[in-house]
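The structure under discussion appears below in the form of structure tokens.
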Amino acid sequence: MPPRYLTSLNLRDFIQSAHEVPYQKIDSDLFPGIELWIRRDDLLDPLISGNKAYKLIYNLIEAREQGADTLITCGGAWSNHIYATAAAGARFGFKTQGIIHGERPPVLSATLRDAERFGMQLRFVTREQYRLRHCADFLERLEIDRSGATYIPEGGSNLAGARGVALLGKVIEAASPIDFDQVWLACGTGVTLAGLLSTAGRYCSVHGIEVLKAGDLIRRDTQHWLKAIQRPECPKASKPLPPGEGPGEGAQGAPEQFMHSNYHCGGYAKCPDYLRRFQRTFERQTGVPLDPVYTAKLLYGLQRAVDSGRIPPGSRVLALHSGGLQGGGRGYQQLKRSKIAILDSFLL
Ligand SMILES: *Cc1c(COP(=O)(O)O)cnc(C)c1O
């Protein structure tokens with residue numbers, strides 16, 4: 001029996017674990033007329049879960065191949081990516097450093113407490129310093145020694161991250177209980193959407209729910225990453241992949257992609273009462289825990305789309321549970337704190 005969770009850093013075991021992620025059929029009057037399933041990637045691993053696990057896998061493998069002993073990344077105080085990276089470092093034997101947006105608060109968020117417990121060294125930087133996170137000399141400006149270290153950008157959002165999510169599209173094709181007409185997922189940066197489009201986009205339509213007011217930014221970034229992942233000469237993508245792990249052949253065409261920008265519920269990490277009520281009802285009916293920042297908006301948006309007749313009756317729809325529970329139930333803590341936390345602290 002291969003390991004059920006992510007116990008070793010190797011692509012075959014990762015794919016095996018991804019194949020074993022359960023699909024749950026949703027029996028709820030919230031979604032009349034469609035056949036709805038949820039793929040429970042929140043259950044991929046107790047700590048390294050959801051889309052952040054897919055975005056990390058190639059980053060981790062590349063770090064190991066390069067002989068790096070340290071992972072450096074950045075994020076906000078409630079970041080799912082910080083949590084997953086800290087856990088992955090502890091699990092697979094990397095030291096980890098987290099560059100955190102804002103001053104060190106007197107009381108750390110539960111996420112950062114866990115990250116420290118996993119051994120992550122936290123470095124708090126000012127907003128101005130953090131704003132430069134996309135610059136090539138971000139670490140140099142902070143005088144962070146990058147020898148022996150791999151830098152993973154915020155949210156795991158780089159080409160390696162998108163390629164990891166492309167694996168997910170392959171796994172869904174190979175291991176789903178039924179063939180789906182549509183796949184729906186929550187979008188922050190759009191990297192997950194791009195990765196998924198590159199593979200799942202050739203066998204079904206892909207719908208992204210934007211969880212923030214982003215204008216056409218997510219759409220543009222998604223196209224950028226989709227092009228990058230499909231470009232064979234791209235240095236990181238050009239490494240020969242084991243068979244069945246690259247983007248699918250049909251992915252070169254234009255995959256059917258739909259962006260839904262009306263379900264951000266007021267903006268990033270905003271959780272109005274109607275969303276809370278929806279989340280509670282959904283969780284009670286299905287037993288599937290959601291987080292208020294991403295997956296609650298995904299299911300809420302899907303429900304509204306069903307309600308307004310935008311999904312053809314009889315459609316077989318898959319919603320991706322992209323995680324965000326940080327070892328279980330953290331969504332509720334976020335919810336309680338979201339009134340006082342700086343909204344930016346939820347960043348990715
Ligand atoms: C980060 C995150 C997303 C968004 O992923 P992007 O690749 O930034 O679009 C969705 N769901 C959860 C639970 C996340 O943590």
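The values are calculated or read from the model by the stated rules, or taken from the named source; none is laboratory data. No experiment lies behind these values; they were computed from the predicted model shown. Because the Cβ atoms are built from the backbone with ideal geometry, glycine has one as well, and the counts that use them run over all protein chains shown. The area values use the complete protein model at the heavy-atom level, side chains included, leaving out ligands, DNA and RNA. Shrake-Rupley method; radii C 1.70, N 1.55, O 1.52, S 1.80 Å.
Table: residues versus (1) more than 16 Å from the ligand (Cβ to nearest atom); (2) part of a loop (DSSP other than H, G, I, E, B).
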{"site": "I144", "(1), (2)": "yes, yes"}
{"site": "S147", "(1), (2)": "yes, yes"}
{"site": "G155", "(1), (2)": "no, no"}
{"site": "A160", "(1), (2)": "no, no"}
{"site": "G164", "(1), (2)": "no, no"}
{"site": "V171", "(1), (2)": "yes, no"}
{"site": "I178", "(1), (2)": "yes, yes"}
{"site": "L193", "(1), (2)": "no, no"}
{"site": "L196", "(1), (2)": "no, no"}
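For segment 91-124, which positions are farther than 27 Å from I57 by Cβ and surrounded by 15 or more Cβ atoms within 10 Å (Cβ to Cβ)? Within segment 91-124, G102, L108, F124 qualify. Collect the residues in segment 25-83 that are part of a strand (DSSP E or B), open to solvent by 10 Å² or more (accessible area, probe 1.4 Å) and either away from the ligand (no atom under 16 Å from the Cβ) or closer than 28 Å to L142 by Cβ (or both), keeping them in residue-number order. Answer for segment 25-83, where residues must be part of a strand (DSSP E or B), open to solvent by 10 Å² or more (accessible area, probe 1.4 Å) and either away from the ligand (no atom under 16 Å from the Cβ) or closer than 28 Å to L142 by Cβ (or both): K25, I26, E35, W37, T70. For A136, the stated conditions do not hold, so it cannot be described as away from the ligand (no atom under 14 Å from the Cβ) and either in contact with a helix residue (DSSP H, G or I) (Cβ under 7 Å, 6 or more places away or on another chain) or in a helix (DSSP H, G or I) (or both).
For segment 275-290, the set of residues classified as open to solvent by 40 Å² or more (accessible area, probe 1.4 Å) and in a loop (DSSP other than H, G, I, E, B) consists of G287, P289, listed by residue number.
Of these, N80, N51, N10, which one is in contact with a Lys or Arg (Cβ under 7 Å, 6 or more places away or on another chain) and modelled with pLDDT of 95 or more? None of the other options fit; the residue is N80.
Which of the residues that make up segment 84-105 are out of contact with any strand residue (DSSP E or B) (no Cβ under 6 Å at 6 or more places or on another chain) and of a type outside the set (A, V, I, L, M)?
Step one: list which residues in segment 84-105 are out of contact with any strand residue (DSSP E or B) (no Cβ under 6 Å at 6 or more places or on another chain), which gives 84, 87-88, 90-93, 101-102, 105.
Across segment 84-105, the qualifying residues are R91, F92, G93, H101, G102, P105.
Quick one: I15 ticks every box in (1) open to solvent by 20 Å² or more (accessible area, probe 1.4 Å); (2) part of a helix (DSSP H, G or I); (3) within 16 Å of the ligand (Cβ to nearest atom) except a single one, so which number is it? Checking I15 against (1) open to solvent by 20 Å² or more (accessible area, probe 1.4 Å); (2) part of a helix (DSSP H, G or I); (3) within 16 Å of the ligand (Cβ to nearest atom), the one that fails is (3). Going residue by residue through segment 190-207, is there one that turns out to be under 20 Å from L290 (Cβ atoms), modelled with pLDDT of 95 or more and of a type in the set (S, T, Y)? Within segment 190-207 (the criterion being under 20 Å from L290 (Cβ atoms), modelled with pLDDT of 95 or more and of a type in the set (S, T, Y)), the answer is yes, since at least one residue qualifies. Of the residues making up segment 291-320, those that are part of a loop (DSSP other than H, G, I, E, B) and within 13 Å of the ligand (Cβ to nearest atom) number 4. Of everything listed in (1) within 16 Å of the ligand (Cβ to nearest atom); (2) in contact (Cβ under 8 Å) with a residue 60 or more places away in the chain, the single unmet condition for Y151 is (1).
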